[in-house]
Amino acid sequence: MFKRRTLFILGAGASHEARLPCGDQLALRISSKLDIEFNGYDISGPGDGELFSRFARTRQREINQFFQAARLIRDGIHLSNSIDDSIDDFLDLHRDNPNLILLAKATIAKCIIEAERDSLLSFDDSNADNTINFTNLHATWFAKFMKMLGKNVPRDQAASIFENVSFIVFNYDRCLEHFLHHAVRRLYGFTYQEAASICDEVQIEHPYGLVAPLRIESGSGTRFGQTDRNWIELASNIKTYTEQVLDGDMLESIRAQVERAECIVFLGCAFHEPNMLMLRPAETLKPVPVFSTGYGISDDDAETVVGAIGSIFKGSERGMVRFRNKLTCAGLFDNFSRTIIR
């Protein structure tokens, strides 16, 4: 169990350990899905005809606008000003084009849920006794985090397991929620509902929304990896930069988490400027220990990232930031297994 209030901030790299796409990979999938041709009657090309045909059936009057949007997204997503080829910057450029935004969001939703289905966290849920194959997760940060979380917490005290942890998740997927529910269930031998009741207590914020509420047992929502969905309807669950900024309640909640934290852990983040600004309270804070991955970020850029993290805190307390650009999320837990949890 974590002894101090620890805030985990998750980016795409965190879900990548479960084999979901990172920003550049997601951009490629979106571009590929929208590589279609439309002559007014027939949909052709190597892209996702099923996705586009739903727009053709339900938005007939605007279908040519959606086709133009598809071509613009397909090509433009590779040219927007983004460090990791994320689609977010591209959507912000086209914030005044509602048809493009809707098509992009629907495509994102389909890409993410299909990726959930193909991930290490997926399993056949037709039998209530089935669960995640945790052997496949042994080397990931998910399993390493759970070992820390459950340490010295007996079954009769399991309801307090999330007492000192909270999460800010910049991803659209439900990997964290899905994993935690099944991990708590299997670690302690709880029923679905018992595990769900405990996991309901953990604070998880998704600043940009998530593809759909996760269905646990017989409740409403969308199962993890459930691909028989109306993608246009799910598009409304996803937020752009601009839409997020307008959500004052979400910003207040996020900054309150940062203010309360006694330790902060960044996992798989790209440190986009809008995200870092979102985390920064109105007043700078007293420094707390910060642990961060930066896998793939160059040594030259590392100093800039450390400065961005340090700017959240009072003065120039960069010595509190342990930034490791050679470590994956799992590697960070291996490297600081005793230090983070104390």
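Every number in this text was worked out from the coordinates using simple rules, so none of it is lab data. These numbers were taken from a predicted model, which means no experiment stands behind them. Virtual Cβ from ideal backbone geometry, glycine too; neighbours counted across all protein chains shown.
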Which order, highest average first, do 190-198, 266-274, 225-233 follow once you tally other Cβ atoms within 10 Å for each residue and take the mean per peptide?
266-274, 190-198, 225-233
Taking only DSSP H segments of four or more residues, each worth -39500 (n - 2.57), what value at 222 nm results for the chain once the sum is divided by all its residues, to the nearest 500 deg cm²/dmol?
-12500 deg cm²/dmol
So who's got an amide H within less than 5 Å of the one on Phe313, skipping anything under 5 residues away but keeping other chains? H placed 1.01 Å off N, in plane.
Leu285
Normalising by the residue count of the range 1-71, find the relative contact order in percent from Cα pairs under 8 Å and 6+ residues apart.
21 percent
Principal-axis tilt of helix 141-150 within the chain, Cα atoms, nearest 10 degrees
40 degrees
Which value in nm describes the separation of the simple spin-label points at Arg215 and Glu259, placed 7 Å from the Cα toward the beta carbon?
3.9 nm
Between 0 and 90°, nearest 10: helix 175-188 axis offset from the chain longest Cα axis
40 degrees
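Using the Cα centre of the range 131-204 as the reference point, and only Cβ charges (+1 on K/R, -1 on D/E), how large is the resulting charge dipole? Debye, rounded to the nearest 20.
Using only the charged Cβ atoms, the result is roughly 340 debye.
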Expected output is a single nm value to one decimal: the length gained when fully extending between Gln68 and Arg342, i.e. 0.36 nm times separation in residues minus the C-alpha distance. What is it?
93.2 nm
Using alpha-carbon pairs under 8 Å, 6+ residues apart, how would you state the relative contact order of the chain in percent?
23 percent
In the range 141-183, what chymotrypsin sites (Phe, Trp or Tyr not before Pro) fall in a loop by DSSP, with at most 14 other Cβ atoms inside 10 Å?
none
For Lys110, give me every one of the lysines with a C-alpha distance below 27 angstrom, ignoring sequence neighbours fewer than eight places off in its own chain.
Lys33, Lys239
Stretched fully, the stretch from Ser160 through Ala139 gains (0.36 nm per residue minus C-alpha distance, one decimal, in nm) 5.0 nm
Please get the size of the charge dipole for the chain, origin at its Cα centre, with Cβ charges of +1 on Lys and Arg and -1 on Asp and Glu, quoted in debye to the nearest 20.
920 debye
Cβ charges +1 (Lys, Arg) and -1 (Asp, Glu), total dipole of the range 23-117, debye:
460 debye
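In percent, how large is the relative contact order of the range 23-117, given Cα pairs closer than 8 Å and 6 or more residues apart?
Dividing the mean separation by the residue count of the range 23-117 yields 31 percent.
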